[in-house]
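Here, each number is a calculation from the coordinates, and none is a lab measurement. Not measured: the values here are computed from a predicted model. FYI the Cβ positions are ideal-geometry reconstructions off the backbone, even for glycines, and counts take in every protein chain you see.
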Amino acid sequence: MNSELILAIESSCDETAAAVVERGRVIRSNVISSQIDLHTLFGGVVPELASRHHIGNIVPVVDAAMKEAGVGFGDLEAVAVTAGPGLIGALLVGTSFAKTLAWAHGLPLVGVNHIEGHICANFLEHPDLEPPFLCLVVSGGHTHLVLMKDYGEFEIIGRTRDDAAGEAFDKIARAVGLGYPGGPKMDRAAKDGDPARYEFPQAHIDGAPYDFSFSGLKTAALNLMHHAEQVGEEISVPDLAASFQAAVVEALADRAMRAVEEFGQKRLVLAGGVAANSCLRQTLEERCRAAGAELVKPSPVLCTDNAAMIGAAGWYRYIKGQTVGLDLDPSANLKLGDMP
């Protein structure tokens, strides 16, 4: 078989997704079944419920992806699946199903790192993008500055020491009553707010200029709300959202642009769920333009969890011969660059 088509499956958190991708660059189908409405009732993702719903969703989602692409299993070269990081129960659903498909149809199996998938989402919309490049990965669980040296080869030059940026957004959104999912709701609320209304601290880590820390920022926002409650002052939710967002974005942009300059990069790639944040995208666009650099970013639908990005990453693993056996075990804490 030389179809250059790969079926990809993603189930690391609360989206059940499947896609058919051609040559790691062309989306033939990309089907996503979200559980947001379910988990909103609980203010966040409930792992056990996520796993149960993946079990019910995965067959129709894969069937829909194959039908939308107009292909059969005989047209595929391989099956790719997210092997971590993520919720272990959710990952087990996706990997178990992918292993079954690979065994039943005699197809090679490729295990993919979820964070690598986010980075590779950019290949789907930017045909001229090739490594090496500098990437800012910003999601609910990860905040990394990464040098992608080649396909599947990464050097992490900066990372968060505590909360990820997306996690900080989610916690403050919950605290001010915006609910789940926190990141998009904070972004929307901030559009009506004054980013200079409340002042928040910036953390700087001695000896680690590219590392991030958001726990102090989160604590400062919570203390502000508690103090206002104690003295009977009303907090403006739009102003708080805008001020908090501005502080997070400044921390991300400051380190990313410092790396662009110090590593002599002319291209900054953005990836991860928080890459959909409108303030972050606009700020990095402006600063890259001023620095004579190009910002490469995926469309918002490819920033959040999807299977097309897993297909992109999986294809480059596959053509390098990096397949896995049917004994593949997912890892909730799989590190970027590690083989599943």
Of the DSSP beta bridges with both residues in the chain, give the percent that are antiparallel, rounding to the nearest 5.
-> 60 percent
Mind pulling the per residue volume of the convex hull built on the Cα atoms of the chain? Å³ is fine.
-> 126 Å³
Rel. contact order, % - alpha carbon contacts under 8 angstrom, at least six apart, the chain = 25 percent
For the pairs LYS185/LYS297; LYS149/LYS297; LYS99/LYS320; LYS99/LYS171; LYS149/LYS191; LYS191/LYS297, note any where the Cα-Cα span goes beyond 27 Å.
-> LYS99/LYS171; LYS149/LYS191
Taking H placed 1.01 Å from N in the peptide plane, check which residues at least 5 places from ALA80 or on another chain put their amide H under 5 Å from its amide H.
-> LEU7, ALA8, ILE9, VAL110
Net charge of Cβ neighbours under 13 Å - reference ALA18; Lys, Arg +1; Asp, Glu -1 | -3
Which whole-number percentage describes the relative contact order of the range 29-122, with Cα contacts under 8 Å and a sequence gap of 6 or more?
-> 29 percent
In sequence order, what are the phi-derived ³J(HN,Hα) couplings for the range 217-230 according to the Karplus relation 6.51 cos²θ - 1.76 cosθ + 1.60 with θ = phi - 60°, rounded to whole Hz, with x for glycine and proline?
-> 4, 4, 5, 4, 5, 5, 5, 4, 5, 5, 5, 4, 5, 5
Using θ = phi - 60° and the Karplus relation 6.51 cos²θ - 1.76 cosθ + 1.60, list the HN-Hα couplings for the range 274-280 in order, rounded to whole Hz, with x at every Gly or Pro.
-> 6, 5, 7, 5, 5, 5, 5
Hey, in the GNM for the chain with a 10 angstrom Cα cutoff, which one of VAL59, VAL146, VAL269 fluctuates hardest?
-> VAL59
Three-way shape call for the range 1-136 based on the alpha-carbon gyration tensor, with the a/c threshold at 1.5 | oblate
Once amide H atoms are placed 1.01 Å from N in the peptide plane, what residues at a sequence separation of 5 or more from PHE214, or on another chain, have their amide H within under 5 Å of its amide H?
-> ARG161, ASP162, ASP163
Of all DSSP beta bridges in the range 132-297, antiparallel share, percent nearest 5 | 60 percent
Over the range 177-310, calculate the relative contact order: mean separation of alpha carbon pairs under 8 Å at least 6 apart, over the residue count, as a percent.
-> 26 percent
Could you tell me what percent of the DSSP beta bridges with both partners in the range 1-156 are antiparallel, to the nearest 5?
-> 75 percent
Would you kindly calculate the mean projected area, averaged across all directions, of the convex hull enclosing the Cα atoms of the range 39-107, in square nanometres?
-> 5.3 nm²
Ratio Rg/Rh, restricted to the range 132-297 and using Cα atoms, in which Rh is the Kirkwood radius = 0.99
